[in-house]
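Written out below as structure tokens is the structure these notes cover.
Here, each number is a calculation from the coordinates, and none is a lab measurement. Every value quoted in this text rests on a predicted model; they were computed, and no experiment measured them. As a convention, Cβ positions derive from the backbone with ideal geometry for all residues, glycine included, and neighbour counts pool all protein chains shown.
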Ligand code: C2E
Ligand code: MG
Ligand code: MG
């Protein structure tokens, strides 16, 4: 077979060896896989030339085609003929190349996919012929088809899966999401989800750190399995999901994306939670049961051990529960237990535990108490709460309770001995006639008794006006009286003279501090109104304010009202506070102090040097006066360390432009030392002891204000 391609021409590829270009082409064409051809643009595609490849492609020898035994039109698969002709005709009409894919039938009846590429050209005689190349693409076609099918199948799975499927970037943007995922998160379509949820880290996870954790696991293991998180849906509701995902890497190991599935596990989660609750909580009251109590108690013990606080374990047994249960029936009994549980919970802080031990027994675990007194006042409140009437079946009933208390560490070092001893103490309470509490340690019961008595004596004492105010003068460096400190005094018919250090803490815990302070303020203001100025200066009156008063809202307006009623100028009053004011809600404390400033009263930091003595609040808060604590003054004249501290406090006060007052000055040496260091004012037995108002008035008159 000879080609009728380009005319033979000498080539100069190589100057020494002439190349027969026709032969090269011939070899090339005939060794190609596929068939080169030249044909007429007629109804049967009459072949003028076909290359050797024809045989392999069609099963017919080249001559069969060129001689017209079989036409290419016949070989073309019948259903494809029209399309092939249309495409080729369109291309040749436009004078461009064509490429068309179709099927042919071989001599053996086999169907092959071919691609034909060609172009219409004019031959040597000016006739339009088509030259081109046809190759077998059956294998590629099958592969593509298979791929297409596979893609279709996967797409089907992706689109119709019941699990959410996603691809995201590492920094948390969606590349792809399926309809199930969209639906899970409350979107109508995946496109909507991808457009809206642009920041997975902040928008999806309820706990922001969750995405970090996800990324960390991905980077460490290349995957996450059953990664459970709580997430927000589009409408703000929350669901629990479980994710399985892995990293998709490129050919060079570079991270392309994260890919994975998401399942809604909200129902399982809530079921699990419910099971856990049931295992650890009492069904009737919802309180922790014996199981959980054991855990909590162990935790509390290690906490108390670490922090050095008291831990109180309290056994509570209702006194006449059996009577109510028997006479009103179980439904009423249940109702009573639920109500008592609610009240107990209301008495405690969130860090404490109230558990139901079974029947009518409850257990309290009280954490972080640093003194027995605060436990006592809490238990008093518990008894009051339990004792309030309960309405059952339309009638009011009153129940009491017997409480037994064991303290860690003194009454037991572990949960079981504490429980045992609290139980023993509870029986002691029952023996004592019910509706009371007993400590396992006997001495504490005396303390509790005394406190209880002191408290009720105080209540009536306030009503009976047993409290008085004494005044202790403050002088300047020339011993001229500049002011007084008002100090509460209690002369109880039952207990005699009770020191403020004993009754103030009880007043603070029981809330009696509010009426007590009110009374002291009234008496102090009333007395101060009558004092004439000395040396041209009005005499200041200082009143101590308990930090507890800063918890209420009304302290500032109360004091303003009392000043008005007494007709005393606010500038004549100083309020002494202690550092513990700032321990709680310090923002709030600062706000209240500023309101006091606006009112016009002076503010003094009492007992400076005993607490935290943080310098920062001295600078930040509107304080006018620093009172150096007595413990720093006692011994200041001969102990170098105390002298140093006193010196530092005084110079600090001076540099912050505060008035520095020394309290508890008992001798001349102390006075001289402090005066020499620059202390502004002095208070103490050296100058005068606290005295009743009358006495102070006489002292003023007698001394002319100079002590
Ligand atoms: P404080 O505010 O630091 O009061 C000074 C205390 O030191 C007073 O004790 C006073 O009598 C005593 N004192 C004064 N000079 C000397 C001295 O030279 N030597 C000695 N050894 N003691 C001296 P008092 O009256 O027993 O009060 C004790 C604390 O009770 C007060 O300390 C104050 O924190 C509190 N307190 C007293 N009255 C009230 C009050 O009306 N309300 C409040 N919230 N607390 C008060
Ligand atoms: Mg004071
Ligand atoms: Mg003081």
>> Explain nothing, just the number: relative contact order of the range 149-200, from Cα pairs under 8 Å at least 6 residues apart, as a whole percent.
In response: 29 percent
> For the Cα atoms of the chain, what angle does the longest principal axis make with the long axis of helix 586-599, in degrees from 0 to 90, nearest 10?
Replying inline: 50 degrees
> Which order, highest average first, do 40-46, 448-454 follow once you tally other Cβ atoms within 10 Å for each residue and take the mean per peptide?
Replying inline: 448-454, 40-46
> At a Förster radius of 51 Å, what calculated FRET efficiency corresponds to the Cβ-Cβ distance of residue 199 and residue 331, to the nearest 0.05?
Replying inline: 0.45
> Taking Cα pairs under 8 Å and at least six residues apart, what relative contact order does the chain come out at, in percent?
Replying inline: 6 percent
> Normalised by the residues of the range 493-634, what does the relative contact order come to in percent, with Cα pairs under 8 Å and at least six apart?
Replying inline: 18 percent
> Going by average Cβ neighbours within 10 Å, how do the peptides 253-259, 676-682, 274-280 rank, with the highest at the top?
Replying inline: 676-682, 253-259, 274-280
> What angle do you read, to the nearest 10 degrees and between 0 and 90, between the alpha-carbon axis of helix 442-463 and the longest principal axis of the chain?
Replying inline: 70 degrees
> Counting each DSSP H run of 4 or more residues in the chain as -39500 (n - 2.57), what helix-only mean residue ellipticity at 222 nm follows after dividing by all residues, to the nearest 500 deg cm²/dmol?
Replying inline: -13500 deg cm²/dmol
> How high is the FRET efficiency from residue 238 to residue 163, r the C-beta distance, R0 25 Å, rounded to 0.05?
Replying inline: 0.80
> In the chain, what percentage of the DSSP-assigned beta bridges are antiparallel, given to the nearest 5?
Replying inline: 80 percent
>> Taking the number of other C-beta atoms within 10 Å as the exposure measure, put 562, 28 in order starting with the fewest.
In response: 28, 562
>> I need 417, 460 ordered by Cβ neighbour count within 10 Å, fewest first.
In response: 460, 417
>> Can you give me the angle between helix 78-94 and the longest principal axis of the chain, using Cα atoms only, in degrees from 0 to 90, rounded to the nearest 10?
In response: 90 degrees
